[in-house]
Every structure is written in structure tokens, then in C-alpha cells.
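The values are calculated or read from the model by the stated rules, or taken from the named source; none is laboratory data. None of these values were measured; they are calculated from a predicted model. Cβ atoms come from the backbone with ideal geometry, glycine included; neighbour counts cover every protein chain shown.
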Amino acid sequence: MIGLRGAALGLIFAALLSVPTVATVARAGEDEAATIARGGRLYDDWAKEIGGDRLRQTERSQDKPATRPGRCVDCHGWDYRGRDGAAQRIGHMGLAKGIDGKAGGDIASITAILKDERHGYRDFLGDADLADLALFVAKGQVPMTNLVDPATLRARGWAPNGNVYFQTICANCHGNDGQGIVDARPLGDVAREDPWRAMHTLLNGHPNGTMPALRVLQTTTLVDILGHIQTLPPRDLLASVVRGGRLYDTWYKENGRDVPAGVHPAYPGTPPKGVEARTTWRCKECHGWDYRGKDGAAAAENKLAVKGLHELAGADPGLIAAKFMDARHGFGALLSPRDTFDLANFVSRGQFDMDEAIERSSRRSLGRPERYTSHYHTICAPCHGSDGRAIRTMPPLGRIAASDPWRALHGILNGHPGETMPPLMALPRDAANGILAYIQTLPSHR
């Protein structure tokens, strides 16, 4: 019954929206719907779709090197309306004129625009790439205003019908709850925050990815799917924060990715003796365990500490995430979207005011150990032992807590990267500090 009702609704809404779903052949021997979808992926991220920043051999003078153009979406928006579009309201500022006026336009004239000096794609995209992108602009745009309410950001679809399609087409990869791909943000969060981007991806797939493009489905069916995705559960905020704390500690151990060779380009100087080059890529190495960098408690020992990030506590996670991607930090290819989201959440919401918990000069926890002895023996002792010396591959807990209490408290709150230690961020703040105070009473030798 749901399928029949959905099909009937699809016919009704398709007539209202007048959106073509299948077209004629774009180039000899190639399916137009597939070609349009590829053009949509080029619009999303052309460099990723073609597999790199290829510079074509052209007649351009070598004394005037080609400037790498940006992503189309960065100027024209996910709803294709640029500065006149609804996407402005969710932070996509600085957009140019939209491309919606080119819908139904002449392919040759659109291609010429893509190749002009302003856009500069002729130096980076081949003829087939340009043809696909132009075809998307001419025939691939959908009227996003009719699909998403710009005031509420809700899809104008029927979620129960979308559930049928999601559970059969999408759930195999994304999971029933939209959180099956650990390197991606939960689908529900993405669809609620930026529904235009989610719709564009449903239509065209991911650049250089394996996600199927669903452009051949009725547009109303896709809106139903988007409506269902918007009902999926969000990423638990606290789980995101503590994972971000582990990424702050050692991101490459938490996410299992490779560390670039050499010292981080922004690392201020030569690493001290005994500090490996890969260590300079850790957030804590520059900003400290108390998040205050050169102004923090450990600055006397870490002469190369930089500005802290405690001032970003409470800031917009989206703005924080953008800093990880900038040229100074260079984490764009090293952190997944979920990594970036979690780390930004930690910086915004997970920082502990270490000066309220630890006396700088004595390194003594200001917590009350007598109140949290049982917490240690029930939560921590099963792995670390009653005296903190059970794990032979690490120093005794008493020694760590006494010599670097900021590091110890960060670990108590967030857990250890790539390990199963339970983070205790959910406990009252005085509990974590009380556990630290108790650990400082444990033996510091083997």
C-alpha cells in the first residue's frame, strides 16, 4: 500500500514540479542521466571526482601559471541560486550569482563560460568533464525551493514512503539509523542542517565515490527519502565530544590514519630531543593538555607551545572545524567529516578548566579523594589494578597523575585514543577531579 500511495503521490507532485527525471542521450554511447549525475559530482568537488588537481597541457604561457579554481558549490550554493538562495541563511556567505538562470540553457555557451578567464576550468578539466558539468547546469538542476521549506529546512516529502526506499537502497551502507559509515557524519544531522546538500547528493552521489546516484527516481520519491533521513537520530553530543578529546590527544591513533612525513609545517621550531616528528601533528603538542598553550601550566616545559584554544570554548563548531582545514593546520585530508565534527565539538564543548581542578605550582589535584575512592576501585581498577600498576606497558598511574596531572585528567574525561578505556565526561566535574586526586595517592614506582 505504501508503494502504491507513494507512486501516486509521485505522479501528482512530478506534474506540479515539472522536473525531468530521465532525458535523452548526452554524448554518443553514453546515458544522459548518468552523465548529468557525473556533472553534479563535478559541481560538488571536481578535483575529487577526477582524482586530483590535473593541469592540462594548454597553450597558456608558463609565465602566467593557471590558478586552481575552487569548487562550483562554494560560489553557487547547494540550491544553485548563489547569493539569492536559501543556503545563505545557514552560513554559506560570500556566494556569487546563482546558476539557476542557466537551467535549460545552451550547452555550448555554458561550456564557454566554464572555460573563460573568470572560471578557468579549461586548464584543469578535459573536454568530457566540461561537457558533463555543462550538461548538469543545463539539465540537472532541480527546484530546491519546491523541495525544501527554506524557513524550517524540512523536506516537503512524506517520510513513511521515504523509509521504504531508504531501508532497501541506502541502509546497506549507511545503516538503519544513518550512522553505519564511521568516517561520515550521521545522515540525519547532515540532512537537517543542510538539506539542499543532502538532496544534491541523493541525486548525484559522492565525488569519486561508490554511492549510487538516484537521479532516475521520481523527484518526489527523493524528497520522501530526504524527509525520512531527517527523522534519523543525531550523533550523541557527549559521545562526539569525548571522541573529539581522543582525537585532540592523538588523532592518528584514534582514527587509524597515516601521519604525513616530517614535522608539521606550522610547528614552531625544531622538536625537542626525544620528540618524534609525527608527534608534532598532535593537537596537544602545540596547545597543551590544559588547552592554554604558551599561557598554560606546561608552557615552562613545552617551550614550543603556541596560542591556546581555551578562548574557543563555546564557539560555533562549524567555524572551529574550518580552522582544521585551513593552510596552517592542514588536516583536510587527514580527518574524516566525522573526525572534524567530533574534534570541533570537543574544542567548543569539552574543554575542562584545568586551573579550577589543578594547582599549577604543586601539580596537586584540588579534588576530594576520600569521596571518590569507590569510583576508582569500581570503574578504573578492573584494568589498572587497585594500586594503578596492573598494566605493565605503561607507567604506574600514580606517577602519571603526579608528574602530568593535566594529561591524566584529560584521559579520565575522554579516554585513550584507539583504546577501550571508558571516558568519564558524563560524571559530575568534581568526580573526575576526585578520581584524579585519589590516583595521586597511588604508588609512583613499580
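For this structure, a couple of remarks:
Yes/no per residue for (1) closer than 26 Å to ALA357 by Cβ; (2) at pLDDT below 90; (3) touching a helix residue (DSSP H, G or I) at 6+ places or on another chain (Cβ under 6 Å):
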residue: PRO272; (1), (2), (3): no, yes, no
residue: ARG282; (1), (2), (3): yes, no, yes
residue: ASP290; (1), (2), (3): yes, no, yes
residue: LYS303; (1), (2), (3): yes, yes, no
residue: LEU309; (1), (2), (3): yes, no, yes
residue: ALA322; (1), (2), (3): no, no, no
residue: PHE331; (1), (2), (3): no, no, yes
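- The set of residues in the range 266-299 that are over 15 Å from TRP251 (Cα atoms) and within 23 Å of the chain's Cα centre (by Cα) comprises ALA266, TYR291.
- Taking the listed residues ASP183, ASP79, the one that is surrounded by fewer than 18 Cβ atoms within 10 Å (Cβ to Cβ) and either within 30 Å of GLY332 (Cα to Cα) or touching a His at 6+ places or on another chain (Cβ under 7 Å) (or both) is ASP183, with no other qualifying.
- One residue alone among ALA213, ALA184 is part of a loop (DSSP other than H, G, I, E, B) and over 20 Å from the mean Cα position of the chain (by Cα), and that residue is ALA213.
- Residues of the range 410-430 satisfying the condition of being out of contact with any Pro (no Cβ under 7 Å at 6 or more places or on another chain) and in contact (Cβ under 8 Å) with a residue 60 or more places away in the chain: HIS410, GLY411, HIS416, PRO417, GLY418, PRO423, MET425, ALA426, ARG429, ASP430
- Scanning the range 224-235 for residues that are of a type outside the set (D, E, K, R) and either in a loop (DSSP other than H, G, I, E, B) or more than 24 Å from the chain's Cα centre (by Cα) (or both) yields GLN230, THR231, LEU232, PRO233, PRO234.
- Scanning the range 109-145 for residues that are loosely packed, with under 15 Cβ neighbours inside 10 Å and without any contact (Cβ under 8 Å) to a residue 12 or more places away in the chain returns SER109, ALA112, ASP116, GLU117, ARG118, ASP127.
- Elements of type helices (runs of 4 or more DSSP H) in the range 316-427, at least 3 residues being under 22 Å from the mean Cα position of the chain (by Cα) and crowded, with 19+ Cβ neighbours inside 10 Å: 317-325, 337-349
- Unmet requirement for ALA239, which otherwise passes all of (1) buried (at least 17 other Cβ atoms within 10 Å of the Cβ); (2) under 16 Å from HIS410 (Cα atoms): (1)
- For GLU356, the conditions (1) touching a residue at least 60 places away in the same chain (Cβ under 8 Å); (2) under 24 Å from ALA297 (Cβ atoms) are fulfilled apart from (1).
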